Amino acid sequence: MGTLLDSIHNPADLKKLKVSDLERLAGEIRELMINVISKRGGHLASSLGVVELTLALHFVFNAPDDRIIWDVGHQCYAHKILTGRREQFDKIRCHKGISGFPKRSESAYDVFSVGHSSTSLSAALGIALARDLRRQKFFVVNVIGDGALTGGMALEALNFAGEIKTDLIVILNDNEMSIDYNVGGLNSYLAKLRTNPKYYRFKEDLEQMLERIPAIGRTVLRSAERIKDSLKYLLVPGMLFEELGFTYLGPIDGHSIPIMVELFREVKGVKGPVLIHVVTKKGKGYRYAEMEPHRFHGVGPFNKDTGEPLCQNDSHPTFSEVFGSTIEKLAEDDRSIVAITAAMASGTGLENFAKKWPDRFYDVGIAEQHAVTMSAGLAAEGFKPVVAIYSTFLQRAYDQILHDVCLQNLPVVFCLDRAGAVGEDGETHNGLFDLAYLRHLPGMVLMAPSNGQELASALKTAFTLDCPVAIRYPRGKTEDPLPEDFFELPVGKGELLCEGEDILILASGAMVAPALQAHNLLLKSGIKSCVINARFIKPLDRELICYWAKKCRRVLTVEDHILCGGFGSAVLEMLEEEDIKNVHLKRLGFPSPFTGQGSRKDILSLYGLSGEGIARKALSICGVKEKVRSK
């Protein structure tokens, strides 16, 4: 027996159904999502929460002529299924499969490519202004939520939208969550709105009563604005959105398709910016995701019958777990250590720190710029702030790092989780730029630990330095057990791992292990390589690197980063500064800044950043055509 979903190839097919059919269709979409994501992993809870909202939007509006812009993209799975990608959905987030986020190059229905939070309002405003300039007629609908409204950029856009008064429909998907539970004053404000329908009922009753008065009703209604304002402030604290110039509607049930369809149809006739406050449940329809929405925000493969992660035999900790464990131990002995994150306490490994020292832990929401400058203020007063943010998201606070931290040489420690290729989340989440945007900053010390022990030691070292420090480490598990003891690393000193005179392999961070694998493979081909673990990207170990560069004359740098401005570039600059000539240097890394999606292992292998790939590159530099023998 066929399903309703089998008949849906694009949003036009939805319009052939009755509103009453859409609830059944919602169940089929959820079943497809759970079946696929339980095998692939992905952003499940967010997308489960907006199935009805997505159906109502595509039922009422005429995409892609009407523009529907999604924030972040965590909520876009139902949108992708309904817009011609149902048959490709089982390959979502796979190499050469469809993206887990809206992507313009993938579909005309993906109006704006996203991956980072709080951008959709600004993009929607730009699209609406372009429409107005061309005197075109179409609706611009912006779906923002999943914590994105805590981002300052979204608030800037709200302020401007209310100022220019152009037609714009904003759907605030209020599910009380981002990656972790939402924090801050705005979240408290939304909570009050969820529980205060009194004003809207009273406002409607008052208007209807005044309009019934013959002849003078309209005049009295206009005169009553002052009264209504008083009621507004009395019954609904703040009325932030109306004061910003929006027509505010809601809160409404984001799982009632008939209510949303009716309201969306009516709102088409409202002029100016409109904000519809929709309340949804993250993880809706899958009880394990409803009970633990933070765990199912971004989830790996799991048993759909139990909700439990599929077992992995590797008992080694992740780099995030090593960071969390180490920072706890260091904070026990030093009460000046405080931890800051931007809506990702669990993702960065700070959950236990937050429970143990709630007065020394600050989750600022999706507000990376604020996190950095607040940390600078703490450092200026003698505290030792550690800022734990994914590499890709710290990009958003470049000016604050430069102006508020480095310019004043303040000892803030930046811990860049998910540095390098992250895997299935793809180009919007890869941490391939951090060395390029941090290396040139005055006073900044950059470390790239190769394993868990070095990460723990890098943290201990960072808190001894009176300057800004950044430590980058990859997503995934370490190759060593959770470290019990740490030691201070001599600043700017690398580690000689293997001696050899045929070629020098300079490896940074996560590339040290495959460089050692390459060393062993090269020995089978008669090539003796020297392998150095750089440990520090800035300052580099000039003495060690220059000595072996002059000895080997062939140098291969290996990094989990874009080639432009990265570790290899730093080595080239150093050799030029030291006036070392007659050295043949090649750099191995990511040639393209927008590397695609796939498992981290597959992506690294694709770009030659595996043991075999490094060995092949080294053989090429040495002029040896023999194939790498991996066994």
What distance in nm lies between label points placed 7 Å from Cα along the C-beta direction at Glu479 and Phe160?
4.7
Förster radius 45 Å - calculated FRET efficiency between Ile259 and Glu321 (Cβ-Cβ, nearest 0.05)
0.55
Estimated FRET transfer efficiency when R0 is 41 angstrom, pair Asn409-Val19 (beta carbons, to 0.05):
0.10
Aspartates and glutamates within cross-link reach of Lys551: Cα-Cα under 20 Å, excluding same-chain residues under 8 positions apart?
Glu495, Glu499, Glu501, Asp502, Asp541, Glu543, Glu573, Glu576, Glu577, Glu578, Asp579
Which order do the peptides 34-40, 491-497 come out in when sorted by mean C-beta neighbours inside 10 angstrom, highest first?
34-40, 491-497
Filter the GluC sites (Glu not before Pro) in the stretch 379-448 to those in DSSP coil with at most 11 other Cβ atoms within 10 Å of their Cβ, and list the result.
Glu381
Taking neighbour Cβ counts within 10 Å as the exposure measure, how do Cys76, Cys530, Cys622, Cys94 sort from fewest upward?
Cys94, Cys622, Cys530, Cys76
With +1 assigned to the C-beta of every Lys and Arg and -1 to the C-beta of every Asp and Glu, and no other charges, what is the dipole magnitude of the stretch 319-472 about the Cα centre in debye, to the nearest 20?
220
Peptides 432-440, 518-526: what's the order by average Cβ count within 10 Å, highest mean first?
432-440, 518-526
Dipole magnitude of the chain, debye to nearest 20 (Cβ charges: Lys/Arg +1, Asp/Glu -1, about Cα centre)
1660
Sort Met574, Met291 so that the residue with the fewest other Cβ atoms within 10 Å of its own Cβ comes first and the one with the most comes last.
Met291, Met574
Ser336 to Glu573: FRET efficiency via 1/(1 + (r/R0)^6), r the Cβ-Cβ distance, R0 45 Å, to the nearest 0.05?
0.80
Residue separation between Ser592 and Lys528 times 0.36 nm, minus their alpha-carbon distance, gives in nm 20.0 nm
Counting Lys and Arg as +1 and Asp and Glu as -1 over every other residue whose Cβ sits under 11 Å from the Cβ of Leu438, the net charge comes to +2
Kindly put Trp548, Trp70, Trp357 in sequence by how many other C-beta atoms sit within 10 Å of each C-beta, fewest to most.
Trp357, Trp548, Trp70
Chain lengthening between Asp399 and Tyr437 when straightened (0.36 nm per residue, less Cα-Cα):
12.6 nm
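Values in this text are rule-based calculations from the coordinates and carry no lab data. As the structure is a prediction and not an experimental result, all values here were calculated from the model. FYI the Cβ positions are ideal-geometry reconstructions off the backbone, even for glycines, and counts take in every protein chain you see.
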